[in-house]
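Novice: One structure, pasted below without further comment.
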Amino acid sequence: MPRSQNKVASHRRRKRILSQARGYWGARSKLISIAKHHLDKGMQYAYRDRKAKKRTYRQLWIARINAAARMHGITYSKLIAGLNKKEVNINRKVLAELAVHNPEAFTEIVNFVKA
């Protein structure tokens, strides 16, 4: 009697891997062993870069806040220290958004910190 292979499950597994690898170049989207390797590597990069994305955006927000603050004669670190001292809980994302799209409100915040 031949051994049981569970063809349905193995076919489904291969199909899932190849469908996830769609759009990859050449054999990376055609051959199961190569596709599996590149899919694993791609998932590792995706996991790593989800973390890196948060760092990158925070850097961007800080640069924008610093540029806008210096236009008002105060540095980023003094602005953040002043906000913490006055117990204003506003995050860097919102501050950067205000600095770019609503300069009047940002000016009010800076003047509040300076006072």
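Novice: Being more than 14 Å from PHE106 (Cα to Cα) and of a type in the set (Gly, Ala, Ser) is the filter here, so list the residues in segment 45-81 that pass it.
Specialist: Of everything in segment 45-81, those that are more than 14 Å from PHE106 (Cα to Cα) and of a type in the set (Gly, Ala, Ser) turn out to be ALA46, ALA52, ALA63, SER77, ALA81.
Novice: Something else now. State all residues of segment 69-98 that are touching a Phe, Trp or Tyr at 6+ places or on another chain (Cβ under 6 Å) and within 19 Å of ALA115 (Cβ to Cβ); if no residue qualifies, say none. Steps first, please.
Specialist: Filtering segment 69-98 down to residues touching a Phe, Trp or Tyr at 6+ places or on another chain (Cβ under 6 Å) leaves 69, 92-93, 96, 98.
ALA69, LEU98 - these are the residues of segment 69-98 that are touching a Phe, Trp or Tyr at 6+ places or on another chain (Cβ under 6 Å) and within 19 Å of ALA115 (Cβ to Cβ).
Novice: What's the number of the condition SER29 fails, among (1) of a type in the set (Gly, Ala, Ser); (2) surrounded by 15 or more Cβ atoms within 10 Å (Cβ to Cβ); (3) modelled with pLDDT of 95 or more?
Specialist: Of everything listed in (1) of a type in the set (Gly, Ala, Ser); (2) surrounded by 15 or more Cβ atoms within 10 Å (Cβ to Cβ); (3) modelled with pLDDT of 95 or more, SER29 misses just condition (3).
Novice: Looking at segment 58-72, I want the residues that are farther than 7 Å from ALA96 by Cα and have a partner that is surrounded by 13 or more Cβ atoms within 10 Å (Cβ to Cβ) and of a type in the set (S, T, N, Q) with Cβ atoms under 7 Å, at least 6 apart or on another chain. Which pairs are those?
Specialist: Pairs found: HIS72/THR107.
Novice: Got a number for residues in segment 15-26 being surrounded by 11 or more Cβ atoms within 10 Å (Cβ to Cβ), out of contact with any Leu (no Cβ under 7 Å at 6 or more places or on another chain) and assigned to a helix (DSSP H, G or I)? I'd like the intermediate steps shown before the answer.
Specialist: Our first condition is that a residue be surrounded by 11 or more Cβ atoms within 10 Å (Cβ to Cβ); within segment 15-26, this holds for 15-18, 20-21, 24.
From what is left, the residues that are out of contact with any Leu (no Cβ under 7 Å at 6 or more places or on another chain) are 15-16, 18, 24.
Subset that is assigned to a helix (DSSP H, G or I): 15-16, 18.
Going through segment 15-26 one residue at a time, the tally reaches 3.
For every residue, the table says whether it meets (1) modelled with pLDDT of 95 or more; (2) of a type outside the set (A, V, I, L, M); (3) surrounded by fewer than 13 Cβ atoms within 10 Å (Cβ to Cβ).
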| position | (1), (2), (3) |
| --- | --- |
| ARG13 | no, yes, no |
| SER33 | no, yes, yes |
| ASP40 | yes, yes, yes |
| TYR45 | yes, yes, yes |
| ASP49 | yes, yes, yes |
| ILE62 | yes, no, no |
| ILE65 | yes, no, no |
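Novice: Moving on to the next point. From ALA69, ALA35, which residue is under 23 Å from LYS15 (Cα atoms), hydrophobic (A, V, I, L, M, F, W, C), more than 24 Å from the chain's Cα centre (by Cα) and in a helix (DSSP H, G or I)?
Specialist: The unique qualifying residue is ALA35.
The values are calculated or read from the model by the stated rules, or taken from the named source; none is laboratory data. Please read all numbers here as calculations on a predicted model, not as lab measurements. Note that each Cβ is placed from the backbone with ideal geometry, even for glycine, and that neighbours are counted across all protein chains shown.
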